[in-house]
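Working notes, structure below.
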Amino acid sequence: MPPQGTCAPTEEEAADLRAASQQLLLAASAQVLGATAALLVPAPLFAAPGCLLGVLTANRADDVIWQLVACHGHVHGAASFHYWLFVVVMVVVLLVGLAVSLA
């Protein structure tokens, strides 16, 4: 049964979430291929593109997470704290991955 009440998604929000979810699935699939190539051929040449794929996937994941926790474009209370914690951890992981790929 679909959510009821003031935070029930509009048709436009549901369509946006579907589109963002499809893009996230494609980005994640590309990241799996990049990670597989980097594993099979461990060379700095593959580390940088792998890091780029991680950034692109993280961007799509951020869009999907935002749409899941937002109530008509706004996040309040505990969901807000957890969303921003997710963003901070994601940025730290991406920066560490970038540092490792450049080393």
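Values in this text are rule-based calculations from the coordinates and carry no lab data. Keep in mind that this is a model prediction, so the values were computed, not measured. In this analysis, Cβ positions are derived from the backbone assuming ideal geometry, glycine residues included, and neighbour counts consider all displayed protein chains.
Values computed for the structure shown
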{"quantity": "Solitary cysteines of the chain, where the nearest other Cys Cβ is not under 4.7 Å", "calculated": "51"}
{"quantity": "Dipole magnitude (debye, nearest 20) for region 11-102, charges at Cβ of Lys, Arg, Asp, Glu", "calculated": "380 debye"}
{"quantity": "Residue with peak Gaussian network fluctuation, the chain [Cα springs, cutoff 10 Å], from 14, 47, 58", "calculated": "14"}
{"quantity": "In degrees, nearest ten, helix 11-40 long axis to first principal axis of the chain (Cα)", "calculated": "20 degrees"}
{"quantity": "Segment residue 93-residue 61, extension gain: residue separation times 0.36 nm, minus the distance between their alpha carbons", "calculated": "10.1 nm"}
{"quantity": "Three-way shape call for region 11-102 based on the alpha-carbon gyration tensor, with the a/c threshold at 1.5", "calculated": "oblate"}
{"quantity": "Burial ordering of 71, 7, fewest other beta-carbon atoms within 10 Å first", "calculated": "7, 71"}
{"quantity": "Acute angle (nearest 10 degrees) that the helix 44-69 long axis makes with the longest principal axis of the chain, alpha-carbon atoms", "calculated": "10 degrees"}
